[in-house]
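The values are calculated or read from the model by the stated rules, or taken from the named source; none is laboratory data. In this text, all values refer to a predicted model and were calculated from it rather than measured experimentally. Reconstructed Cβ throughout: ideal geometry from the backbone, glycine too, with neighbour counts over all protein chains shown.
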């Protein structure tokens, strides 16, 4: 019985390659999360959009779909040209990230919402420079470490990377956005760990960062209130702990199977930012523990395929890029899950591919395209080794024949010179 062939996808310079197992997992999980996100963004935002000002109930859904469409176009492009394009784009992304983070703080440039100045643009055309900074950090770190792997032997060797990430985090904290700054620092730690920095050096670095983060949290009154409300949210259920309490009520009301899609009560003016940072609470109320488990399953698919792609990458640069992009997605998902469940203080980090957020969605889909490109290139090497092995072992089949023909072609230049009749040839003639 003839087995069905795996689908082939276009590749650079008109070539074609098979869709690898890792790529299938990455594409499946990403598309499933986007489809799930579109449903939940509409469910979480339609009621408040309609009741607050009599507007369009599908306003946020339309924006989410437009951002997803742009992100999928970027995914398709970078899946074909990811690593080569990423190398060339790294200086540009760094300039855009730092320029945007500086402009955000200038009155008249940055757009303020909910007490934070994080966006640039006008009207619906806005982007968040801190989201671009995450991807820029991953690409720069991969380029720096792969250029000289010996630099990871000490923290002094990776000082340029630490300084860059520190500047990014400081600019993001000023917005203020402590959650994104924490994601940047954790991503840096993941990249240094994959790059080969010793655990002792990482503990020293992150011990210092933890002290600085605690100081930053205690200086600002609203951050100090969030920290105390995290320890006892029910102590100020109508004040600083309101959002955490409402999230707990939503998840508790959902139980195992949930109250039904679209039937959430907490999303109607009880749960702040229901369609963005707190969308997991709506999922827990409407779809219950089962719905949250499905979301975790898809993130698990991304984790497995992303880290496997990093392990099979063709070189250190590709390995670091794959590990960094996977880390950004998983760190964001973990921080969001823990914050909504009350394990961490509320940080304002969106749930990847599901929460409403134009910049976050487009940047993550761009990173996913680069990750798919790494999985394609890394999977080509084992296939070549299998062909070589088949030829060496003398197995029958087209692969062995091609291997033998290639070896003959390689020896053709050496075999063209005339041979001298030696003792061996005379013995064969005499025989």
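Structure summary
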read-out	value
Residues that are closer than 18 Å to residue 198 by Cα and at pLDDT 90 or above, drawn from segment 134-159	141, 142, 144, 145, 146
Residue within segment 117-124 that is in a helix (DSSP H, G or I) and surrounded by 19 or more Cβ atoms within 10 Å (Cβ to Cβ) present	no
Residues located in segment 181-195, provided they are without any contact (Cβ under 8 Å) to a residue 60 or more places away in the chain and over 11 Å from residue 320 (Cβ atoms)	181, 184, 185, 188, 189
Residue check, residue 334 outside any loop (DSSP other than H, G, I, E, B) and out of contact with any helix residue (DSSP H, G or I) (no Cβ under 8 Å at 6 or more places or on another chain)	yes
The listed residue being closer than 18 Å to residue 139 by Cα, free of Cβ contacts under 8 Å to residues at least 60 places away in the same chain and buried (at least 24 other Cβ atoms within 10 Å of the Cβ), out of 322, 310	322
Checking residue 176 against (1) within 26 Å of the chain's Cα centre (by Cα); (2) in a helix (DSSP H, G or I); (3) touching a residue at least 24 places away in the same chain (Cβ under 8 Å), the condition it does not meet	(2)
Qualifying residue in segment 56-67 (condition: surrounded by fewer than 22 Cβ atoms within 10 Å (Cβ to Cβ) and closer than 21 Å to residue 371 by Cα)	yes
Filter pass, residue 212 being assigned to a helix (DSSP H, G or I) and modelled with pLDDT of 85 or more	no
Set 45, 49: member being in contact (Cβ under 8 Å) with a residue 60 or more places away in the chain, closer than 14 Å to residue 267 by Cα and either out of contact with any strand residue (DSSP E or B) (no Cβ under 7 Å at 6 or more places or on another chain) or surrounded by 15 or more Cβ atoms within 10 Å (Cβ to Cβ) (or both)	45
Test: residue in segment 62-75 that is over 29 Å from residue 138 (Cα atoms), under 24 Å from the mean Cα position of the chain (by Cα), in a helix (DSSP H, G or I) and at pLDDT 90 or above	yes
Residues located in segment 277-293, provided they are assigned to a helix (DSSP H, G or I), at negative phi and buried (at least 19 other Cβ atoms within 10 Å of the Cβ)	279, 280, 281, 282, 283, 284, 285, 286, 287, 291, 292
Members of segment 231-276 found to be out of contact with any helix residue (DSSP H, G or I) (no Cβ under 7 Å at 6 or more places or on another chain) and either touching a residue at least 24 places away in the same chain (Cβ under 8 Å) or in a loop (DSSP other than H, G, I, E, B) (or both), listed by number	232, 238, 239, 242, 243, 246, 248, 265, 273, 276
Residues that are more than 21 Å from residue 354 (Cβ to Cβ) and not in a loop (DSSP other than H, G, I, E, B), drawn from segment 25-61	50, 51, 52, 53
Pairs, first free of Cβ contacts under 8 Å to residues at least 40 places away in the same chain in segment 82-100, second surrounded by 13 or more Cβ atoms within 10 Å (Cβ to Cβ) and part of a helix (DSSP H, G or I), C-beta under 6 Å, six or more apart	100/129
Selected residue [on the phi < 0 side of the Ramachandran plot and without any contact (Cβ under 8 Å) to a residue 40 or more places away in the chain] from 151, 118	151
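One line per residue, one yes/no per condition, for (1) in contact with a strand residue (DSSP E or B) (Cβ under 8 Å, 6 or more places away or on another chain); (2) buried (at least 19 other Cβ atoms within 10 Å of the Cβ); (3) more than 23 Å from residue 110 (Cβ to Cβ):
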position	(1), (2), (3)
129	yes, yes, no
144	no, yes, yes
149	no, no, yes
153	no, no, yes
163	no, no, yes
180	no, yes, no
199	no, no, yes
203	no, no, yes
218	no, no, yes
